[in-house]
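Encoded as structure tokens, the structure appears first; notes follow it.
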Amino acid sequence: MARIAEIARTTKETDISIKINIDGGANGKGAANIATGVGFFDHMLTALGVHGGFDLDVTCNGDLEVDAHHTVEDVGIVLGQAFKKAIGEAKGIARYGSAYIPMDEALARAVLDISNRPFLVFQADFTADQIGDMDTQLVEEFLRAFAFNAGITLHVTALYGNNDHHIAEAIFKALAHALKVAVAVNGDTVLSTKGSL
């Protein structure tokens, strides 16, 4: 059964369309087509799709004349909803995933549980207010929106690093690889003593 979902969401602040194929990608490498109007965010979402092995199509027209906040947060909301829809009842998935990813001098860790009990622990320090055209604060905002709408318990830690670009990219790639582990199918029942998530 294909694990594919497509969701569109329009508000006064953003107009978003997202399609995700959890089992996409040739040789485990996802194909990402991203257009949010926020260059650095596009770069991060591309890394998420490619390294997670997901086919990911994201378009967003947001109120960038204000700033990138609504765009980044709302994409996190819709991507989380699409991810949760694609996973369905989560039968047979590993459920838990973790990854350490280095990016030059930076090292990040992501540990997660596709639990239907959303939570975010975020520990990262950035030195600058922006990376390209994206506020560094929005890394946490995206992760919170994604985790809470996907039903994921997510712990993200930037263990060290000096370059904010490298820190953020290591975080997104660690998330991607942790998700890739967690969605792998290795059975046909839900991994829970309750019988469902």
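What follows is calculated from the coordinates using simple rules that are stated; it is not laboratory data. The model shown is predicted, which means the values in this text are computed figures rather than measured ones. Note: ideal-geometry Cβ built from the backbone for every residue, glycine included; neighbour counts use all protein chains shown.
Scanning region 58-113 for residues that are within 20 Å of H177 (Cα to Cα) and acidic (D, E) yields a count of 3.
Within the bounds of region 43-64, is there any residue that is charged (D, E, K, R) and in contact (Cβ under 8 Å) with a residue 40 or more places away in the chain?
Within region 43-64, the first condition is being charged (D, E, K, R), and the residues that meet it are 55, 57, 63.
Subsequent filtering for residues that are in contact (Cβ under 8 Å) with a residue 40 or more places away in the chain retains 57, 63.
Within region 43-64, one or more residues are charged (D, E, K, R) and in contact (Cβ under 8 Å) with a residue 40 or more places away in the chain.
Among the residues of region 58-67, those that are among the aliphatic types (A, V, I, L, M) and not in a strand (DSSP E or B) comprise L64, V66. L159: of a type in the set (A, V, I, L, M), farther than 27 Å from I7 by Cβ and without any contact (Cβ under 8 Å) to a residue 60 or more places away in the chain, yes or no? Criteria met by L159. Taking the numbered list (1) within 13 Å of the chain's Cα centre (by Cα); (2) assigned to a helix (DSSP H, G or I) in turn, H70 passes all entries but (1).
One residue is enough: does region 118-131 have a residue meeting the conditions of a type in the set (S, T, N, Q), out of contact with any His (no Cβ under 9 Å at 6 or more places or on another chain) and free of Cβ contacts under 8 Å to residues at least 60 places away in the same chain?
Within region 118-131, the subset of a type in the set (S, T, N, Q) is 123, 127, 130.
Cutting the leftovers down to out of contact with any His (no Cβ under 9 Å at 6 or more places or on another chain) gives us 127, 130.
Those left that are additionally free of Cβ contacts under 8 Å to residues at least 60 places away in the same chain: 127, 130.
There is at least one residue in region 118-131 that is of a type in the set (S, T, N, Q), out of contact with any His (no Cβ under 9 Å at 6 or more places or on another chain) and free of Cβ contacts under 8 Å to residues at least 60 places away in the same chain.
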